[in-house]
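See below for the structure under consideration.
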Amino acid sequence: MGECKLVKSGESYVTSLTVRIPRSLQGSFYFLVQTDRNSDGGQEVNEENENNNISTRPLTVSVPPVPDLRASNVQAPIEAFGGQSMLVGGP
């Protein structure tokens, strides 16, 4: 996430990240948060319990409903002549 803080024994910190989910994505997913990893995938900190460094949160993503656009009540003259302007519109 680009933010790394030194956390001493018994301390904690809170951070957040805004993500944009592609509009066409749908289904069941998980957010996975992992601590104590360096860029090579190895452990960064030697600690008492290495089994509590991953947490997950389930997420269901639904496709948002699309708008239902309809044309209705169009007003126009019943008759027109070529080359003539006319007004077409709604109420």
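The values are calculated or read from the model by the stated rules, or taken from the named source; none is laboratory data. Please read these numbers as outputs of a predicted model, since none were measured by experiment. Cβ coordinates were reconstructed from backbone atoms using ideal geometry, including for glycine residues, and neighbour counts include every protein chain displayed. Accessible surface is based on the protein model in full, side chains and every heavy atom, while ligands, DNA and RNA are left aside. Shrake-Rupley method; radii C 1.70, N 1.55, O 1.52, S 1.80 Å.
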With (1) at pLDDT 85 or above; (2) open to solvent by 100 Å² or more (accessible area, probe 1.4 Å) as the list, and residue 31 as the residue in question, which single condition is left unmet?
-> (2)
Every pair of residues 6+ apart whose Cβ atoms lie under 9 Å, when the first sits in the stretch 52-72 and is exposed (fewer than 10 other Cβ atoms within 10 Å of the Cβ) while the second is of a type in the set (Ser, Thr, Tyr) and assigned to a strand (DSSP E or B) | 57/30; 58/28; 58/30; 60/28
